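Notes follow once the structure below has been shown.
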Amino acid sequence: TRPILASAKKKADLEPLAMVVADRLDKISAIERERRPSIDEPAELFGELLGEIFSYGLEGSDKIVTYECGYHLGKFILLADAIDDYEDDLKEGKYNPYVISYGGAELTRENKQNVKTALLIECKKLENAVNLIPFGNKITVENIVRNIIYLGLTKRIEFLDKDGEEENK
């Protein structure tokens, strides 16, 4: 299947996109190897990666708007995944910028609130970008996108509202 995939990639002219994706993934891997405490660096890189994927092949305002959608969704995904994996990464000694930043301590209510605020900011920025998409008569697509933002992404971070004692019950 690899020759078929390589041929399809070449015909679709995906090489420039593949190079961008590889570059961002290499940079994220370097951050992980160096065990940098910054959550912003890998989040921005993953946002750039999704922004490039979303906007690939588009031009003008379509490219800008879809890039912004991908960028903020990518940041949200990385931030949410890192906080969700906090306990497991701490136990397994895996790289997690939150574990490094918080010194491996139990997450306090303030820590959780700070992360939740950052995630909600990315949701709001994603919403602002989505509002620029001219959906036209594609109400179904618009509703799906809005449900993802308002229901899916915000539901994904509800665990941050719980205290450790409540989660253990």
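The values are calculated or read from the model by the stated rules, or taken from the named source; none is laboratory data. Source: prediction; values computed, not measured. Every residue, glycine among them, receives a Cβ derived from its backbone with ideal geometry; neighbour counts consider all protein chains shown. The protein model used for the area step is the full one, side chains on, heavy atoms only, and it has no ligands, DNA or RNA in it. Shrake-Rupley method; radii C 1.70, N 1.55, O 1.52, S 1.80 Å.
Here are the numbers:
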quantity: Residue, farthest from Gly60 (Cα to Cα), within the stretch 119-138, restricted to residues that are out of contact with any helix residue (DSSP H, G or I) (no Cβ under 6 Å at 6 or more places or on another chain) and assigned to a helix (DSSP H, G or I); calculated: Leu120
quantity: Qualifying residue in the stretch 65-74 (condition: open to solvent by 30 Å² or more (accessible area, probe 1.4 Å), of a type outside the set (Ser, Thr, Tyr) and out of contact with any Lys or Arg (no Cβ under 9 Å at 6 or more places or on another chain)); calculated: yes
quantity: Of the criteria (1) in contact (Cβ under 8 Å) with a residue 12 or more places away in the chain; (2) open to solvent by less than 40 Å² (accessible area, probe 1.4 Å), which one Asp89 fails; calculated: (1)
quantity: Filter result for Tyr67 (touching a helix residue (DSSP H, G or I) at 6+ places or on another chain (Cβ under 7 Å), touching a residue at least 24 places away in the same chain (Cβ under 8 Å) and among the hydroxyl-bearing types (Ser, Thr, Tyr)); calculated: no
quantity: Test: residue in the stretch 2-25 that is modelled with pLDDT of 95 or more, over 15 Å from the mean Cα position of the chain (by Cα) and surrounded by fewer than 18 Cβ atoms within 10 Å (Cβ to Cβ); calculated: yes
quantity: Selection within the stretch 96-117 - within 15 Å of Ala43 (Cβ to Cβ), open to solvent by 40 Å² or more (accessible area, probe 1.4 Å) and among the hydroxyl-bearing types (Ser, Thr, Tyr); calculated: Ser101, Thr117
quantity: Selection status of Ser61, over 22 Å from Glu127 (Cβ atoms), among the polar types (S, T, N, Q) and over 13 Å from the mean Cα position of the chain (by Cα); calculated: no
